[in-house]
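This report concerns only the one structure given below.
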Amino acid sequence: MSEQSSVHFYLNWAKERIDEMDAALASFEVKAGEAKAESKVKAEQIIADLKKRRDEFQVQLKAQAEAGEAAWARGRTELEKQWDGFEAQMKTYFESAGKQFEQQQATFKDIAAAQGKAWREAADKFREAAGKVAAVHAGDLEAALKQMKSDASQAEAQLQKLKQAGSESWSVLSAALAESRKAFDQANQAAWNALKGSGSKS
């Protein structure tokens with residue numbers, strides 16, 4: 001059970017990143033289609049690079065999906081490097097796009113929505129896995145799920161405030177997304193650790 005819990009954590013972690021990549025790409029493609037000729041070419045080049053980075057991330061993820069916990073832990077380091085490269089390229093996109101406010105806001109909203117979806121899906125997976133554990137540990141697991149949902153609500157509320165403010169730079173928006181992502185990782189890890197602990201006690 002413990003190795004399975006760790007693999008669930010890694011899968012949730014990776015899926016959340018892929019969902020964000022897909023949301024960013026979808027947002028960029030819409031705006032690139034509306035751009036003027038010379039900026040359209042530059043935007044399309046950056047989007048092509050972002051797609052390549054996302055595809056490499058997915059290939060690496062598939063290679064890890066069949067592996068055990070130790071391989072996942074090693075593979076995550078490489079996936080994190082690829083994720084960092086994707087984020088850096090997104091920043092380059094915004095810098096080269098002339099700090100287009102509407103694009104930043106649209107991308108932020110799409111990525112925030114992807115994060116919210118990842119929280120809900122992770123909580124659903126955890127609830128399903130927790131349901132398979134003996135009823136003796138139901139209280140511990142319910143508390144972990146409740147905490148995950150509470151953390152998700154707090155993260156969504158913070159992102160909602162920024163959406164409504166609508167005047168922040170990409171660096172501020174990106175930092176908020178990173179903070180929410182970090183909270184997701186911590187809640188995801190805590191929930192699966194609770195499940196791992198209850199599985200080893202039974």
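The values are calculated or read from the model by the stated rules, or taken from the named source; none is laboratory data. Quick caveat, the model's predicted, so the values are computed rather than measured. As a convention, Cβ positions derive from the backbone with ideal geometry for all residues, glycine included, and neighbour counts pool all protein chains shown.
Just one of the listed residues (S153, S171, S167) is modelled with pLDDT under 85, among the polar types (S, T, N, Q) and within 19 Å of W83 (Cα to Cα), and it is S171. When A143 is tested against (1) modelled with pLDDT under 80; (2) within 30 Å of E95 (Cβ to Cβ); (3) not charged (D, E, K, R), only condition (2) is not met.
Results for (1) in contact with a Leu (Cβ under 7 Å, 6 or more places away or on another chain); (2) modelled with pLDDT of 85 or more; (3) not hydroxyl-bearing (S, T, Y), shown as yes or no for each residue.
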site: M1; (1), (2), (3): no, no, yes
site: Q4; (1), (2), (3): no, no, yes
site: F9; (1), (2), (3): no, no, yes
site: K42; (1), (2), (3): no, no, yes
site: A48; (1), (2), (3): no, yes, yes
site: R53; (1), (2), (3): no, yes, yes
site: A65; (1), (2), (3): no, no, yes
site: A70; (1), (2), (3): no, no, yes
site: Q104; (1), (2), (3): yes, no, yes
